[in-house]
1. Using only the heavy atoms of the protein chains and a 1.4 Å probe, how would Leu25, Leu127 rank by accessible area, largest first?
2. What does the charge count around Val87 come to, taking other residues whose C-beta lies under 10 Å from its C-beta (Lys +1, Arg +1, Asp -1, Glu -1)?
Amino acid sequence: MSENPYSAPSEELNAKISSVGIPALLLLVLLLLTIFVDAWYVIMFFLDLQNAAQGMGWSFWMVRDWTFPIGLSIVIAAHCVIFAAMVSVLRRRRYKLSVIGCIVSLIPVLSPGIILGFPLAIWCLVLLSRPSVRSEFSSN
């Protein structure tokens, strides 16, 4: 007979979530907030260049050309890579992508939440380096 789909989660699932899932989940939440704020900056740039710059306390020379939205778009793209990596950590797939996402999170400019994302990325990378956690990943 098959298992009851409505039964409580098994001990194995709880162990998976508690090992490497906690820092990955926290990084995901932090990433969503960071991507939202970054997207808001890009939208504000396109809506009103001069007033957005003054409202955020920036001088006009910081936003006089297109380097700001292009740079911020690169940061958002890096955050999307980190997001995909943390989802793969939670699903236990694509070990290399998971490690790359943690390493990209260690770059101060690209780290989600800068101060909060750095220790979470270290924590996740340390847990990913454990042989027991590595063996949980499928080889897809």
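The values are calculated or read from the model by the stated rules, or taken from the named source; none is laboratory data. If you're wondering where the values come from, they're calculated on a predicted model, not measured in any experiment. Don't worry about glycine lacking a Cβ; one is built from the backbone with ideal geometry, like all the others, and counts go over all protein chains shown. Note: areas computed on protein heavy atoms with side chains; ligands, DNA, RNA excluded. Shrake-Rupley method; radii C 1.70, N 1.55, O 1.52, S 1.80 Å.
1. Per-residue accessible area, sorted high to low, gives Leu25, Leu127.
2. +3
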